[in-house]
Every structure is written in structure tokens, then in C-alpha cells.
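Read through the structure below, which is laid out as C-alpha cells, and then see the notes.
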Amino acid sequence: MRFAELMDFYLEACSDRKQVTDHLEDLLSSFPEKSIIDCSVGTGFITLDLISQGYGIVCTDGSAGMLEQFERNAAELGLEANPVLLDWADLSGTFPDMFDLLICRGNSLVYANVWDDNTAAAGASSIAGHLKSMYGALKPGGFIYVDIPAAPSEERSSGRISHVPCEIRGRQVTVTESIADIPESEIRRWDVRMEIDDEVFEFTRHSHMYGESRLREALEQAGFVEIMPLEGNTLREHYQVFTARKPLGNVMQRFAQPAGASSARF
């Protein structure tokens, strides 16, 4: 089974689809007739449901494998969705000052530059540059919606998490997983075991340790203001969501006098 297809089973088994959909619908209701991009669209989980309901969302991702699965899923729904294979570093150059809302969810940001090649030693310094590129793709006054791992909970630190077995696409699916921070390497290890009927799949992925303070600093360096957490967000136990805004430009700035110029009038 392709990894992207396996991820579809994982997302269905470990997420509350209705809760996620309701949350994002509530979010998008604040941006009626606005330009929206999901720059970590992956296989289209939830986003394709929103598109089928009439929401206009530009879909991009940096993983070709994920977008192949996205296109299969879109075809099954009868949707003509055209995702764009695009690295975050290229967002501002491809879509300069274009969007009112940019969504980067699913804990995608912390996998910057390591998702497909799974290089545990890759540095996290590129994340600041990616956020700057996201900033450049937003219109003045536009918002970013981004999530990162939450601080480890007591449940998560105690060992593997076992999800309730469920049926997906007519197949019985059981998922257990563990997420461990490795401070000395500044990486985070994610181990997953999935049983789909009588088949067993296991995979490991590494990501960057990237907490709230580092995210806030990088968002500020990119130019964002009004950085704030979404309180009460419970989409996933190990996610925390933040929003921030790109400042509006001062349209009167061009009329301002140079510093030191006299205001006297004769």
C-alpha cells in the first residue's frame, strides 16, 4: 500500500471527521467570498469535503505522493480539483499578496524539509523562511492558521496511544502510535503501527521540536502581528493552533513628510 493511502486510513481512524469539518467550516465562515489557500493539503482529508460543499480553496503541497492520492480522492468524489505541487519556499513568488487566509494544518510545519526523506538530522532553521514566504502570499490584513505539536501530555509520555478500532471503507483498522521528543537532537519521533484487516503496517517519521516560543519568534520575524492561540481547540490531543495577521499597509504613508521637514506654511 502506498504511504499516502496509508495516511488516509490513519487520518480517518484517528480523527473526528465531523469535529474537524465543523471547526474548519466555522473558520471559513469568517472569510466569505475571500481567497483561501491550504498549503499543506496532503491527501485532501477534510479539504475535499469543504470543496464539495462549495468552498473555493487553492490546494498545494510539497509532496508529490500526497497529491497523487489527493487526485484519486477528488476523482472518487467527482471533483475537478487541481492541486499544485509547490514547496512553501515558493509560495510568495508564485502567489504574491494573493490570499486572505492561509491554512497550514495537520502539524505539517514541523515536518519542513523532512517529510518525504525523513532526515532526522535536518535543521529547523528553514521554518522561519517558510513562514516568511507564507507571509508574502497573504494580502495585507490576511491571516495565517497554523498548528504545531502541543506540549507532551501525561497520557502521551506514558507510552503508546491505542485508538479505538474502527471500520473504514469496509476494512477493520486498528492504530497504535507513540510520539517522543528527543531533546538532545531537537527532533521528535513518531512511530505508528496499523492493522488493516489482516495486514500490518509500521512506519516512523521524524520532525523538528518546535514549540510555541519558537513559533512566535519566527512569526514575528516574518512580520506577523496579533499572534494568538485558538483557545479550546481540541481537534487532536497533541495539536495547538495559532493565528496571526499580516499588517495592513499605511496607505497614507506616501503623503507623509520626510523626517525633519518643516511644517510651516507661508
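What to note about this one:
- Likely footprinting exposure, GLU177, GLU199, fewest C-beta neighbours within 10 Å first: GLU199, GLU177
- Helical contribution to [θ] at 222 nm, DSSP H n ≥ 4, -39,500 (n - 2.57), averaged over the chain, rounded to 500: -8000 deg cm²/dmol
- If the chain linking VAL200 and GLN19 were pulled fully straight, counting 0.36 nm for each residue of separation and taking away their Cα-Cα distance, it would gain 62.4 nm.
- Likely footprinting exposure, CYS59, CYS14, CYS39, fewest C-beta neighbours within 10 Å first: CYS14, CYS59, CYS39
- Angle between the chain longest axis and helix 126-137 axis [Cα atoms, degrees, rounded to 10]: 60
- Per-residue Cβ neighbour rank within 10 angstrom, fewest leading, SER213, SER185, SER108: SER213, SER185, SER108
- Built amide H within the under 5 Å cut-off of GLY142, gap 5+: LYS246
- Relative to the Cα centre, the charge distribution of the chain, modelled as +1 at Lys and Arg Cβ and -1 at Asp and Glu Cβ, gives a dipole magnitude of about 1220 debye.
A short reminder: the numbers here are calculations on the coordinates, not readings from a lab. Everything numeric here is computed off the predicted structure, so don't read it as measured data. Heads up, the Cβs are rebuilt from the backbone with ideal geometry, glycines too, and the neighbour counts pull from every protein chain shown.
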